[in-house]
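The values are calculated or read from the model by the stated rules, or taken from the named source; none is laboratory data. No experiment lies behind these values; they were computed from the predicted model shown. Here Cβ is always computed from backbone atoms with ideal geometry, including for glycine, and neighbour counts include all displayed protein chains.
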Amino acid sequence: MDNNAQDPMIPQLYEVTRTIRETHDSFSLYLNSKDDSDIPEFGPGQFNMLYAFGVGEVPISISGRAEKSGNLIHTIRNVGSVTSALSDLKRGHTLGLRGPFGSSWPIEACKKQDVVIIAGGIGLAPLRPAIYALLEQRDQFGEIAILYGARQPKDLLFTKEFETWRGKYGIQVKATVDSADREWKGNVGVVTTLIPRVSFDPIHTVAMICGPEIMMKFSMLALKQSGMSEENIFITMERNMKCAVGFCGHCQFGPTFICKDGPVFAYNKIKPFFETRDL
Amino acid sequence: MGKLSIIDKENLNKLIAELNQQGYKTIGPTIRGEAIVYDRISSIEDLPEGWTDEQGPGHYRIKKRNDKALFGFNVSPHSWKQFLHPPEKKLWTAEKNGSSFKIIPEELKNPKFAFIGVRSCELHAIAIQDKVFIQGPHIDRVYQINRKDLFTVSVNCGQAGGTCFCVSMKTGPKVNSNFDLALTEVLEKDNHYFVVETGSDRAQSIIENIDKRSAQDQELKAAEQILDNTAQNMGRFLDTEGIKETLFENLEHSRWEEVATRCLSCANCTMACPTCFCSTVEDVTDITGDHAERWQKWDSCFTMDFTYIHGGHVRHSTKSQYRQWMTHKLASWIDQFDSSGCVGCGRCITWCPVGIDLTEEVAAIRKPDETKTDNT
Amino acid sequence: MKSLESIVENHPFFKDLEPRYLELVTGCASNVRFEAGNFIFRQNEEANQFYLIRQGKVALEVCPPNRDPVIVQTVSEGEILGWAWMVPPYNCHFDAQALELTRAIQLDGQCLRKKCEEDHSLGYQVLSRLLPIIGKNMEATQLQLTDIYGNRS
């Protein structure tokens, strides 16, 4: 299929090959192209527009690629009509897909550096392909720390993978929640409280942050306080999206289009706009 | 400079006929109700002979002239974008089939437009929308096919409009590029003629079929004089020097609060503007739920839901909406598309119900913010 | 086995403390340990201890009426537990329970307070280390309050 001739507004048909209930309100869909054609390559951090028949489209980050089948994985939080329709899909069902779109996490820039990954809530999903990319060439990177915060223990994603990340790959993985009951034996407190508890060399570190804007803002402050400079901090922005190809104008953030220039941004490139309210 | 010749009214008519003969759909200015709009025309009879438009902030009237000029007005309420980038278009249909479905893209049809009477600012606006829709990493197929064979018979403005400022934006009044034919209408006591400049090979071959003669020096001088007059009589000025930096450095200027007390968020400016391109998509189904359609429609950054993401609107105040519109148009656009987004046509000023004038707003923002000066 | 003084000296809270203050502080110190499940202090008790956590994890809990206890913060290695010993009326605001085996230096609140009142420079040392921690805790709590993970993830 000649992707250049492809109308970017026409979805390709994909089939659900597997569904996983991740948390009480999040689920993962494993997708294969319906006509078995090649799934396009994607960079970690990129997203697809997923179409639920008759309901609409949403931008969802790719959260991984299944090892054996090569199927695309999308981890989705059920927050509206489209995501709710997607959560009703079962194995064998069809959805529409356009993409991949957007910019990627700077894996190359992480080589020979320490890496700090900070995720909040569903934010670990767009970061997971970056984590996998780091694991694939583990010896190219220094210390790697993953700091993950969520509202409550039941909101934490991918917890089953943490032990492998720690044990097999020597990654520092720390999770925290805003509040918990006595069953939880882990940390309670906002995710920035984890930063002093991991070791990394702030002068030689790249940070990748994904989560609610406030969380990203305070995480960046804490990282700067610990000695990091802004040009090594990467965040991901989110805005209303209708087309994902730079035509509808909805996703504009200052002079950038989140769908083309983002969603991953080097913080120093967008700093003045990030700090302006209601932009 | 292309080849120059002279034609008269009768041969202008023949030109329109010739274009229709060759399969073009001729669109031009014509009177509808109380306005001069762009619509399907078939002869010069359809043109607003002897009419002009009187434009001011929040003001538009058509008035009778004391001559028979065919193009004696400035810009219509809507621009040519309604033809190239239609207000509504169906993108595709989806048909359900059990737990699966298929998608049928909408067939693309080449309308083969010929626009008669395009102003220089409007040609620039078309070039600006070309950058958005067909010169980026993705192509808008509908715009592409509408634009493909577009034939432009442009017109040099015989007078400055009530609200326009093309000289400031370097988009006129003289038509300089991206045109097939450029006409300058000259009305002398007993003589009504058009200086015609050809701007393309196909334009040259079209006018082979009509009567024309070579232009004499004084006729060319008359045309030049008209354009000079127009340029000298601009009613407005927008200082574009360092405008991007000025706006980006003043995102918290108190003027934004002030203009927000006047702005109604009515979105007229975005509808009338020839470069505004924002759209939304709508997914609809029929009552059986087996048949779905996806439509693309014009949208405006002033609409309530424009920036909605689960749980909130990023820009929920009129202040932030107006600031977005103006900084996008005059500043961000430069980073995004290497030119200003404004062509100085003045429509946003004319069609704002409360007469907000962006040249005035720019001048105000260039002034230091009085509310922020230190009190010592 | 390390001396008490060197343990106090090496805890991040008292990093770079001058030797004469270190001596004063160590005079109020003792080594303690809590098994998992032990309560270190309970809400409304008199606040008389200040803990430098060396190892382990402590949960600060609130117990709303008719509901299960909610953990609002955890404190671990390198951090401190308790500051109400410095502020009248010296009452504990939360329950503190060890989640796992926890070792700490316990500083007698009354003893340390008395020494701070006698030597204001020592008082300044203690307060100037305490304030930023309380400030950070407050900011963190405010962030937790805004429920940032709510509907917008």
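Quick notes on this structure:
- Being under 19 Å from B:I309 (Cβ atoms), at the interface with another protein chain (Cβ under 7 Å from one of its Cβ atoms), within 16 Å of the chain's Cα centre (by Cα) and surrounded by 21 or more Cβ atoms within 10 Å (Cβ to Cβ) is a condition met by no residue of the range A:247-270.
- Residue check for B:I128: within 14 Å of the chain's Cα centre (by Cα) and among the β-branched types (V, I, T): yes
- Taking residues in the range A:181-195 that are at the interface with chain C (Cβ under 7 Å from one of its Cβ atoms), and partners anywhere that are of a type outside the set (A, V, I, L, M, F, W, C) and exposed (fewer than 14 other Cβ atoms within 10 Å of the Cβ), the pairs with Cβ atoms closer than 7 Å and at least 6 places apart or on different chains are A:D181/C:D68.
- Residue in the range B:128-137 that is surrounded by 15 or more Cβ atoms within 10 Å (Cβ to Cβ), without any contact (Cβ under 8 Å) to a residue 12 or more places away in the chain, farther than 30 Å from B:H291 by Cβ and in the same structural domain as B:G23 (by TED's automatic domain parsing) present: yes
- Test: residue in the range C:28-41 that is within 14 Å of chain A (Cβ to nearest Cβ) and among the β-branched types (V, I, T): no
- Boolean, C:Q73 is out of contact with any Pro (no Cβ under 6 Å at 6 or more places or on another chain), part of a strand (DSSP E or B) and of a type in the set (S, T, N, Q): yes
- Residue check for B:F306: under 24 Å from B:Q129 (Cα atoms) and buried (at least 22 other Cβ atoms within 10 Å of the Cβ): yes
- Condition check for B:T280: modelled with pLDDT of 95 or more and surrounded by fewer than 20 Cβ atoms within 10 Å (Cβ to Cβ): yes
- Candidate set from the range B:283-303 (those that are among the aliphatic types (A, V, I, L, M) and surrounded by fewer than 16 Cβ atoms within 10 Å (Cβ to Cβ)); member that is modelled with the lowest pLDDT: B:I287
- You will find that of B:G341, B:G355, the residue that is under 16 Å from A:C248 (Cβ atoms) and part of a loop (DSSP other than H, G, I, E, B) is B:G341 and no other.
- Test: residue in the range B:81-92 that is in a loop (DSSP other than H, G, I, E, B), at pLDDT below 95 and within 11 Å of chain A (Cβ to nearest Cβ): no
- All conditions but one from (1) within 14 Å of chain B (Cβ to nearest Cβ); (2) surrounded by fewer than 21 Cβ atoms within 10 Å (Cβ to Cβ); (3) out of contact with any strand residue (DSSP E or B) (no Cβ under 9 Å at 6 or more places or on another chain) apply to A:F274; the one that does not is (3).
- Sole residue being under 19 Å from the mean Cα position of the chain (by Cα) and assigned by TED's automatic domain parsing to the domain that holds A:P40, chosen from A:I62, A:I117: A:I62
- Hits in the range A:212-236 - residues which are within 14 Å of chain B (Cβ to nearest Cβ) and modelled with pLDDT under 95: A:P212, A:E213, A:I214
- Residues satisfying the stated conditions in the range B:302-324, i.e. facing another protein chain (nearest Cβ under 9 Å), hydroxyl-bearing (S, T, Y) and in contact with a strand residue (DSSP E or B) (Cβ under 9 Å, 6 or more places away or on another chain): B:T307
- Selection within the range C:1-21 - of a type in the set (A, V, I, L, M, F, W, C) and surrounded by fewer than 17 Cβ atoms within 10 Å (Cβ to Cβ): C:M1, C:L4
- Of the strands (runs of 3 or more DSSP E) that lie entirely inside the range A:69-180, those containing 1 or more residues that are in contact with a Lys or Arg (Cβ under 8 Å, 6 or more places away or on another chain), under 20 Å from A:M216 (Cβ atoms) and within 14 Å of chain C (Cβ to nearest Cβ) span A:72-77, A:144-150, A:172-177.
- The range B:192-301 holds helices (runs of 4 or more DSSP H) entirely within its bounds, and those carrying 2 or more residues that are touching a Phe, Trp or Tyr at 6+ places or on another chain (Cβ under 7 Å) and either within 14 Å of chain A (Cβ to nearest Cβ) or under 26 Å from B:E88 (Cα atoms) (or both) map to B:254-262, B:268-272.
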